[in-house]
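Please read the structure below before turning to the comments.
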Amino acid sequence: MDQSALSGSFEVDSNATVLLMGLRRSGKSSICKVVFHNTQPLDTLYLESTTKPTTENFKSLIDLAVIELPGQLNLFEPALYDYEKLFTSIGALVYVIDSQDEYLSALQNLAVIIKYAVSVNPKIHIEVLIHKIDGLSEDFRLDTQRDIMQRVGDDLLDYGLEGVQISFYLTSIFDHSIYEAFSRIVQKLIYELPALENLLDLLMQYSNFDKVFLFDINSKIYVATDSSPVDIQNYEVCAEFIDVSIDLDGLYESNSQQQQQHTQQQLKRNSITDTFEENINQSQYQTSVSEDVDALANAKPTKCISRLENGTMLYLHQMIRGLALVAVSRLEDSDETTALSVIDHNVAIFKKSLEKMWEHAKFR
Ligand SMILES: Nc1nc2c(ncn2[C@@H]2O[C@H](COP(=O)(O)OP(=O)(O)OP(=O)(O)O)[C@@H](O)[C@H]2O)c(=O)[nH]1
């Protein structure tokens, strides 16, 4: 984690910045660890309290920065930091509420922060994570959400802020809900999102996909998807398929590496049988190694296709900037060969469009 004592000022220069706030022990650091560092949820149990603001930078389709403020910071205290500068330069405020704890003081704190945030940055996205829902029953989760939404609405009315848009998410680091929430939050910061969604809709239509995601491979956040509703099971299956594909990719050596080993074995055999030819073979070997290096440099992006027991096909194709396109399709076995060449062709066109979009991207 990139810990920085920001001694009085925050260096934030892009709207693709998320500010993570919430009371102590609400789960802020755990969320960062699990989503952006692949930490196992149970390993967050004994995390130390954050005492200084920390910033984490993630390079994906956008260069995202997540600033975590320690829970004990109080906006009313004599300003240690330049809050005005901070709030004017962020794209989203994410406030974490521990739903397993008594949350009234968190809601008071949230109302004060929202009042300040919208006064200095009216365009800010306000996102509330009703967190640690793994400890609540299904019914109680919805009751808690209703209660929190009602109370936040009342508090804002008291401040005369009735028009403020706030999004609420039920989250836990123990399931996919935290990734789903962060995906939606990050998408709001992507200026090109409508164009991307359009492209994905077209890709889906012409490739017989049922659902298509554009994933950030490291975090499993999806930076875009087509316009059909997201079914969490589809998300889970696609996110897990990324891990499987990457593991498989690492398991098998590329052709060029195998070729290199074969040449090496050949060389050893020759050196035993014929010393005269050894020199010639060695020079051949060297040529083949340098060719292999070139081949590796031009290595093809990862592509993986798999069919599940229920007949669903999963299709993964690596894109630019650590992204992967993952799609679900219910293609019949008999159509597969022709359909796959059409899909490959369409995906290649999509990738080119993505490259162009990236070149002209607003947040780079
Ligand atoms: N049950 C449950 N526990 C969680 C969840 N997320 C975080 N926790 C636990 O909550 C505790 C506090 O988490 P932290 O991430 O340290 O909280 P924080 O908001 O960063 O706390 P400060 O650094 O003090 O501001 C840890 O023991 C986590 O394991 C969750 O989704 N469910």
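Numbers for the structure displayed
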{"read-out": "Number of the condition not met by Asn310 [criteria: (1) at pLDDT 50 or above; (2) among the polar types (S, T, N, Q); (3) buried (at least 17 other Cβ atoms within 10 Å of the Cβ)]", "value": "(3)"}
{"read-out": "Per-region count, region 307-326, residues under 16 Å from Lys211 (Cβ atoms) and of a type in the set (Gly, Ala, Ser)", "value": "2"}
{"read-out": "Test: residue in region 112-123 that is of a type outside the set (Gly, Ala, Ser), in contact with a Leu (Cβ under 9 Å, 6 or more places away or on another chain), within 17 Å of Gln165 (Cα to Cα) and within 14 Å of the ligand (Cβ to nearest atom)", "value": "no"}
{"read-out": "Exclusive hit being modelled with pLDDT under 95, within 26 Å of the chain's Cα centre (by Cα) and closer than 25 Å to Lys115 by Cα, set Phe182, Phe168", "value": "Phe182"}
{"read-out": "Members of region 31-48 that are more than 16 Å from Ile217 (Cα to Cα) and more than 10 Å from the ligand (Cβ to nearest atom)", "value": "Gln40"}
{"read-out": "Whichever residue in region 88-111 is more than 22 Å from Asp158 (Cα to Cα) and more than 16 Å from the ligand (Cβ to nearest atom) and, among such residues, is modelled with the lowest pLDDT", "value": "Ser89"}
{"read-out": "Only one of Arg146, Arg141, Arg184, Arg151 that is among the charged types (D, E, K, R) and within 16 Å of the ligand (Cβ to nearest atom)", "value": "Arg141"}
{"read-out": "Of the criteria (1) outside any strand (DSSP E or B); (2) surrounded by 19 or more Cβ atoms within 10 Å (Cβ to Cβ); (3) modelled with pLDDT of 75 or more; (4) not aromatic (Phe, Trp, Tyr), which one Arg25 fails", "value": "(2)"}
{"read-out": "Residue match in region 211-233 (condition: assigned to a helix (DSSP H, G or I), free of Cβ contacts under 8 Å to residues at least 24 places away in the same chain and within 19 Å of the chain's Cα centre (by Cα))", "value": "yes"}
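Here is a yes/no grid of residues against (1) assigned to a loop (DSSP other than H, G, I, E, B); (2) outside the structural domain of Tyr116 (by TED's automatic domain parsing); (3) over 16 Å from Ala224 (Cβ atoms):
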site: Gly160; (1), (2), (3): yes, no, yes
site: Val164; (1), (2), (3): yes, no, yes
site: Ile173; (1), (2), (3): yes, no, yes
site: Ile178; (1), (2), (3): no, no, yes
site: Ser183; (1), (2), (3): no, no, no
site: Leu199; (1), (2), (3): no, yes, no
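The values are calculated or read from the model by the stated rules, or taken from the named source; none is laboratory data. Remember, predicted model here, so these are calculated numbers, not experimental data. All Cβ positions, glycine included, derive from the backbone under ideal geometry; neighbour counts span all protein chains shown.
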